[in-house]
1. Let me know the shape class of region 57-110, please: from the alpha-carbon gyration tensor, a ≥ b ≥ c as square roots of the eigenvalues, rounded when a/c is under 1.5, otherwise prolate if a/b is greater than b/c, or oblate.
2. R0 = 25 Å: FRET efficiency of Thr45 with Glu69, Cβ-based, nearest 0.05?
3. Report the Stokes-Einstein translational diffusion coefficient (µm² s⁻¹, integer) for the chain, Rh taken as the Kirkwood radius over Cα pairs, at 20 °C with viscosity 1.002 mPa s.
4. In the Gaussian network model of the chain, springs joining C-alpha atoms below 10 Å, which of Val200, Val214, Val109 carries the largest mean-square fluctuation?
5. If you take every residue apart from Gly235 with its C-beta less than 10 Å away from the C-beta of Gly235, what net charge results, scoring Lys and Arg +1 and Asp and Glu -1?
6. Please compute, for the alpha-carbon atoms of region 171-248, the extent along each of the three principal axes and give them in descending order in Å.
7. If you wrap a convex hull around the Cα atoms of region 96-213, how much volume per residue is inside, in Å³?
8. When we measure straight from the Cα of Lys3, which lysines land under 27 angstrom away, once same-chain ones fewer than 8 places off are left out?
Amino acid sequence: MRKIIIAGNWKMHKTVQESLELTKSLAGIVSSSDSRDVVVCPPLTSLYAVGQSIKGTPLALGAQNMYFEESGAYTGEVAPAMIADCGAAYVIVGHSERREYFGETNAVVNNKINAAIKHSITPIFCVGESLAQREAEETMSFIAEQLTEGLADISSADVKSMVIAYEPIWAIGTGKTATSDQAEEVCGAIRNTIASLYDVETSEAVRIQYGGSVKGDNAAEILAKPNIDGALVGGASLTTDAFMAIVNAK
Ligand code: PGA
């Protein structure tokens, strides 16, 4: 059985104080008896403070990004060991906004996945097609390429413990959610691709999230799909009520 994982990607929102307020309010509600993993991914400036404040709570910490080098002259970048030191157990890698605005290629994404694994940080590896690709019926060939290149030289054991997030670009921040059937279709195809790159055992173990305008009112239907093991949530992760509606959606 794959455990559902709900991750909130706060993107470029919230000061340290605001981050701590949201974390405190979530930590007071998320129950440790809950059978779901709940992850908060604040901006880097809040990572340490949030990491300290969630100690002893059921919440886990994720970073939204990191660089793949160990250390060195990389002005403005943050190393894997630095986010681990803040308490990050997860890191989002290859988000479409990083790919689009910061030129991250599949090769860069692959380096970051490798670096995260080396530091025992679980990658949340994002893939997903644009609207033009969907309309041209290139969704699965594009995602298969992202998976093949992003996972180059990653072992089956490491893939089993990572998280893949299917995020159709046209559904991110647009209010346009993929229907639960569309999401399930691609998540199932991602699982099949993992089976062909590795084996069925690996594909059955890896957790696959859906992301793109997930809200309290569509989460239950999405999470009920057999190949969808969680949600990566942007806009609706910024307030306690909106995020908890997804965490508790059944
Ligand atoms: P959204 O973002 O929920 O605001 O659409 C999702 C994401 O980019 O991870």
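1. Oblate, because a/c is 1.5 or more while a/b does not exceed b/c.
2. With R0 = 25 Å, the Cβ-Cβ based efficiency is 0.75.
3. So the translational diffusion coefficient is about 120 µm²/s.
4. Its mean-square fluctuation being the largest, the pick is Val200.
5. My count for the surroundings of Gly235 gives +2.
6. Principal-axis extents of the Cα atoms in region 171-248, largest first: 39, 21, 17 Å.
7. So the per-residue Cα hull volume is 97 Å³.
8. Lys11, Lys24, Lys55, Lys112, Lys118, Lys160, Lys176, Lys215, Lys225, Lys250
The values are calculated or read from the model by the stated rules, or taken from the named source; none is laboratory data. Nothing here was measured: the structure is a model prediction, and the numbers come from that model. Every residue, glycine among them, receives a Cβ derived from its backbone with ideal geometry; neighbour counts consider all protein chains shown. The protein model used for the area step is the full one, side chains on, heavy atoms only, and it has no ligands, DNA or RNA in it. Shrake-Rupley method; radii C 1.70, N 1.55, O 1.52, S 1.80 Å.
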